[in-house]
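Enquirer: Before I ask anything, here is the structure I am working with.
Each value in this text was obtained by applying a stated rule to the coordinates, not by laboratory testing. Keep in mind that what you see is a predicted model, and the values were worked out from it rather than measured. Every residue, glycine among them, receives a Cβ derived from its backbone with ideal geometry; neighbour counts consider all protein chains shown.
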Amino acid sequence: MNMTLDELKARAKADLDNAFEKGKSHGGIDETQLPQYYMTSITAWNSAKFPDGYNFKLSVRDVPESMTSIFMYASGVKTVTLTCEGTGTTSWLQVLRGCTSVEVFDVTNFKVFPTTIRHFANNAKSLVSIIGEIDMSNCTNAGSAFYLAQALKDIRFKEGTISIALDFHWSTKLSAESLHSILMGLSPTVTGQTLTLPKYETCKATYNAVYGDGSFDIIVASKTNWTIAYS
Amino acid sequence: MKIETVKYLWANDGMWLTDGKVYAKVLKLAEGRSAEEFHEITDEEYNTILATMTAEAEES
C-alpha cells in the first residue's frame, strides 16, 4: 500500500513516540530534548537512561543514513549489539560519546563502512571491547575517536584500510591482538599520516608476549610509510 | 633474506618530541621524514598543550 509523505511522517512519529514511552518508563530522555528527538531518529537514544546493565540490541534492514550521536551520553547500557541485513556507508560521529556505562559494542553482523569516527568513543571510559571488524576504507576523520577510552582492550580493523591519523594513546590496555590489528590495518600506500599508541615499552611487552621476542619492532619497521608515535 | 631495522627517536628524560602536531616520547619516523622536523619540549609545556587539546576534545 502506498503511503503519502504525511502518512509516513505520522507513522514514523508514532513509532518514535512508542519507543520514547518505553524508554521513558526507565527514566527516558530529558523532555527538553524532545524536539531534537522527533526531528531526527538518528539521535534516538541520545541521553537515554537505560536500566543499569542493560543489553541493547537493534536489528535493521538497511544501513542508517547516519548514526550520529545515536548513544551519546546514554547511561545504564552495558552492551550494544547491532545487526543489519544490508551494507553501506554511514556516519559514526560521536556514536558512543560520553556513554560511560557501555562495555561492549558488537558490530559483528553490522557490515557498514563508517565515513567518520570522529568522537566515536570519546569519554566511553568503560568500553572494553569493540567486536567485529571495522572497515575504514571510507573513513576520512578519526579526530578524538578514542579520547579517554582508557579501558579499551579489543578492537579489530580490516587490513590495509586505515589511511588517516589515529590516536590510541589513552588506550593503555590494548591487547596484543588489537595492536596487531591496528598495525595491520594501516594503509600500505598513504603518506604523511601518524599512528599514536600508548607507551612504547608497554606496547612492545604486550605484543612480544604473544607474537614472540622482537616481533613488535619488526612489524613497526614494516610500516615504512607511517610515523608511529608513542606517548 | 632481508633484515629490517627500525630507528627510533627518543625524547630525553622529562621531555617530549613534537613537530607541532604530533607529540611523543618515542617516534618511529616514516620514510622521507627526518629527525630535524622534531624538537623537544618539557613535560610542563606538554601538559599545558595537553590541557588545551583536552578542552578542545571536550567541547568540539
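Enquirer: Quick one: putting +1 on the C-beta of Lys and Arg, -1 on the C-beta of Asp and Glu, what dipole do you get for segment A:146-197 around its Cα centre, in Debye to the nearest 20? Walk me through the numbers on the way to the answer.
Expert: Details: 4 positive and 4 negative charges, 15 e Å.
Roughly 80 debye, rounded to the nearest 20.
Enquirer: Please compute the length gained on full extension between A:Arg11 and A:Lys173, using 0.36 nm multiplied by the number of residues separating them and subtracting their Cα-Cα distance.
Expert: 53.8 nm
Enquirer: Which value in Å is the Kirkwood Rh of the protein assembly as shown over different Cα pairs?
Expert: Values: mean 1/r = 0.0488 Å⁻¹.
One decimal place: 20.5 Å for the Kirkwood radius.
Enquirer: Rounded to the nearest 10 degrees, what's the angle between the helix B:43-59 long axis and the longest principal axis of chain B, both from Cα atoms, 0 to 90?
Expert: Value to nearest ten degrees: 70.
Enquirer: How far apart, in nm, are two points set 7 Å out from the Cα along the Cα-to-Cβ line at A:Gln193 and at B:His39?
Expert: 2.9
Enquirer: Also, quick follow-up: Across the Cα atoms of chain B, what radius of gyration and what greatest pairwise Cα-Cα distance (Dmax) are found, in Å?
Expert: Gyration radius and largest Cα-Cα distance of chain B: 14.4, 51 Å.
Enquirer: Moving on to the next point. How big is the C-alpha Rg of segment A:85-149 next to the rule-of-thumb value 2.2 N^0.38 Å, as a ratio? If you can, show how the numbers build up before the last one.
Expert: On the way: Rg = 11.3 Å, N = 65, 2.2 N^0.38 = 10.7 Å.
Dividing the Cα radius of gyration by 2.2 N^0.38 Å gives 1.05.
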